[in-house]
Amino acid sequence: MTEDIRSADVVVVGAGPAGCTAAEHAALDGIDVLIIERKQEIGVPVACGEFLPSIEEIKKILPRAVEVDSLFDFPSSLTSMRSDAMRIYDPKLRSFKIQFDGFTTDRDRFDKYLASKAREAGARIVTGCTFSSLDGQEVVTSAGRIRTKVVIGADGPLSRVAASLGLPRNKGLCPALTAQTKGDFEPIPEMYFGSMAPGGYAWILPKKGGANVGVGISMRFARGKVGDYFKRFVGDRDLVTSKPTGKYVPMSGPLSRTTAKNGMLVGDSAGHVMAVNGGGVPIAIICGKLAGEVAAAKVLRETSIDTYDKLWRGQVGKPLRTAVRTKALASLCFGSQWRLGAAMGFLGERRMGNIIRCKSVFA
Ligand SMILES: Cc1cc2nc3c(=O)[nH]c(=O)nc-3n(C[C@H](O)[C@H](O)[C@H](O)COP(=O)(O)OP(=O)(O)OC[C@H]3O[C@@H](n4cnc5c(N)ncnc54)[C@H](O)[C@@H]3O)c2cc1C
C-alpha cells in the first residue's frame, strides 16, 4: 500500500452509486475521503436492470426527498433509451400499460460517471482493494490497514461493514440475474409476473440496439435456481444473451439501525431498496449524499452520526415502509398463479401504478 492511503478522514467501502455519492458530498465539505472498491474496474460486471425513473417520477415516488433536481441532473449521454410507459404482464400474459417516465442507462458508464464526480470533488479511489474488518480506528483491507475517523459501508447487500459495525444485516435477500441482448425493442419496459419468476418478476428493458433481460425470484416461492428460471425466460422468447451476472436484492426494506459510533450504512447495505420493484439506485444516491454530509460534519465538528439515520428516514422512510407492507400483501398471492392473476386484474392499471410508485394501493 502506498503511503497516501494509510489514512483518511472518511473511508467509504464500495464504489457503487451509494459509495460514490457519499464520497462526493463528504469531499465537497473539504475533508480527506478515500473509497476502497474490491472490483478492479468500477461498474463491471453490470448486475442491474439499468432502469431509472425520471426526475419527475422520483419526486412522485419520494416526495420528501430534497435536491432531487440537482442530484439527478445526469448528462444526456448516460441515457440509453427513454420511455413514458411500462407494460406489466400477469401469469396469463394479459398486459397492463402503466404511464411511467424513465430511461435505461449503461450501469458501468453510470457508476464510472458517479466515481468521476467523487474524484472531481477531491475523493481518492482505490480499486482492487477489499474491506475485511474494522479494528478500532483502523480499516483492515486486502491492501493493508487504513486509519480513519468514519467508515461508510456502501458495500452492497451482503455488507461486511454492517457486521463489523455490529449493525443488523439484510434479510429477505432475493437472487436476480441479468444479461444483455441485441435487437430492436419497442421503447416500453416490460415486467412479467408469474411462474417464470416466482415471488419476483422477469424483465425486458429496452436499450439502444438491444435490451437488458433479467429475472429476480424469491426463494420462498421458487422451486429451482434463479439460473434455471433465467434460461427458461430467455429460451421461451428465443433471446440470445450475454453471460448473465447475478447479485442479491435486499427486498425486506431498510434495516432497523444504520448508524454506529464511527460508521454508517447506505444503499443496498442499509436495505435502501423499494421492496415492490427492487429499484435501489435513486435511494442509494439520495441517502449517499446524506451519509457523506453527516460524515463530514462528524469529522469537522464532532456532531453525532445518528443524525444520518433520522435524515434518511425523514426523506425516504415512508415510501420504503409502504413498499414493504405492499410486498407482504402481494406475497399472499405469489403462491397461486390464479390468485396473482385475479389480484392484478382487480388492481388494474391505476392501482398497480400506485404500487410501483411505493404509494398505498388505494391512494
Ligand atoms: C439483477 C438486478 C437488477 C437491478 N435492477 C435495478 C434497476 O433497474 N434499477 C434500480 O434502480 N435498481 C436496480 N437494482 C438494484 C440496484 O442495483 C442497487 O440497489 C444499487 O446498485 C445499490 O447501490 P449501492 O451503491 O448500494 O451498491 P452496489 O451497486 O452493489 O455497490 C456496492 C459496491 O461495493 C463493492 N464491495 C462489496 N463488498 C466489498 C468489500 N468487502 N470491499 C470493497 N468493496 C466491496 C462492490 O464491488 C460494489 O462495487 C437491481 C439489482 C439487481 C441485483
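Based on the mean of other beta carbon atoms within 10 Å per residue, what is the order of 22-33, 236-247, most packed first? Don't skip to the answer; put the middle values down first.
On the way: 22-33: 24.9, 236-247: 14.0.
Going by the mean number of other Cβ atoms within 10 Å, highest first, we get 22-33, 236-247.
For helix 17-28, what angle does its Cα long axis make with the longest principal axis of the chain, in degrees from 0 to 90 and rounded to 10?
Tilt relative to the chain: about 30 degrees.
Expected output is a single nm value to one decimal: the length gained when fully extending between LYS318 and ASP306, i.e. 0.36 nm times separation in residues minus the C-alpha distance. What is it? Don't skip to the end; give the middle numbers.
Working: separation 12, 0.36 × 12 = 4.32 nm, distance 1.85 nm.
Answer, rounded to one decimal: 2.5 nm.
Can you pull the one-decimal nm distance between simple spin-label points at LEU93 and GLU186, each 7 Å off the Cα toward Cβ?
Those two pseudo-labels are separated by 1.3 nm.
What FRET efficiency do you get for ASP101 and SER256 if R0 is 35 Å and r is their Cβ-Cβ distance, rounded to the nearest 0.05? Walk me through the numbers on the way to the answer.
On the way: r = 33 Å, r/R0 = 0.95.
About 0.60, to the nearest 0.05.
Packing-wise, with mean Cβ within 10 Å as the measure, how do 48-54, 73-79 rank, highest first?
Numbers: 48-54: 23.6, 73-79: 11.9.
Ranked from most to least packed, the peptides come out as 48-54, 73-79.
Please give every one of the lysines within straight-line cross-link reach of LYS298, meaning a C-alpha to C-alpha distance under 21 Å, and leave out same-chain neighbours fewer than 8 residues apart.
LYS298 reaches LYS149, LYS261, LYS289, LYS310.
How far, in nm, would the chain grow between PHE74 and ALA363 when pulled straight, counting 0.36 nm per residue and subtracting the alpha carbon separation? Numbers along the way, then the final one.
Numbers: separation 289, 0.36 × 289 = 104.04 nm, distance 3.06 nm.
Contour length minus the Cα-Cα distance gives 101.0 nm.
Ignoring ligands, DNA and RNA, how do ARG350, ARG6 rank by accessible area with a 1.4 Å probe, largest first?
Working: ARG350 150, ARG6 115 Å².
Highest to lowest solvent-accessible surface, that is ARG350, ARG6.
Can you list the HN-Hα couplings for the range 156-166, worked out from phi with the Karplus curve (6.51, -1.76, 1.60; θ = phi - 60°), rounded to whole Hz and with x for Gly and Pro?
With coefficients 6.51, -1.76 and 1.60, one gets x, x, 9, 2, 7, 4, 4, 4, 5, 7, x Hz.
Using a 1.4 angstrom probe with every protein chain in place, what is the largest-first accessible-area order of ILE355, ILE283? It would help to have the intermediate numbers written out before the result.
Numbers: ILE355 30, ILE283 0 Å².
Sorted by accessible area, descending: ILE355, ILE283.
Counting helices only, and only those DSSP H runs with n ≥ 4, report the 222 nm mean residue ellipticity of the chain as the sum of -39,500 (n - 2.57) divided by its residues, in deg cm²/dmol to the nearest 500. Can you show the working numbers first?
Details: 10 runs with 119 residues, N = 363.
Taking each H run of at least 4 residues, the total per residue is -10000 deg cm²/dmol.
Counting only protein heavy atoms, what percent of the accessible surface of the range 3-356 is carbon or sulfur at a 1.4 Å probe? Write out the running numbers ahead of the final one.
Working: 7870 of 15140 Å².
C and S fraction of accessible area: 52 percent.
With a point put 7 Å past each Cα toward its Cβ, work out how far ARG64 is from ARG220 in nm, to one decimal.
Inter-label distance under the simple model: 2.5 nm.
Holding the Cα-Cα limit at 26 Å, pick out from LYS207/LYS247; LYS208/LYS318; LYS92/LYS231; LYS60/LYS182 the pairs that are longer than that.
Working: LYS207/LYS247 21 Å; LYS208/LYS318 35 Å; LYS92/LYS231 19 Å; LYS60/LYS182 32 Å.
In this structure, LYS208/LYS318; LYS60/LYS182 exceed 26 Å between Cα atoms.
At 1.4 Å probe radius, can you tell me the per residue accessible area of the chain in Å²?
Details: 15710 Å² over 363 residues.
With all protein chains present, the chain gives 43 Å² per residue.
If you fit an axis through the alpha-carbon atoms of helix 281-301 and take the longest principal axis of the Cα set of the chain, what angle between them do you get, 0 to 90°, nearest 10?
It works out to around 20 degrees.
The values are calculated or read from the model by the stated rules, or taken from the named source; none is laboratory data. Predicted model only: the values in this text are computed from it and were never measured. Counting neighbours? That spans all protein chains shown, and the Cβs are built from the backbone with ideal geometry, glycine included. Accessible surface areas use protein heavy atoms only, side chains included; no ligands, DNA or RNA. Shrake-Rupley method; radii C 1.70, N 1.55, O 1.52, S 1.80 Å.
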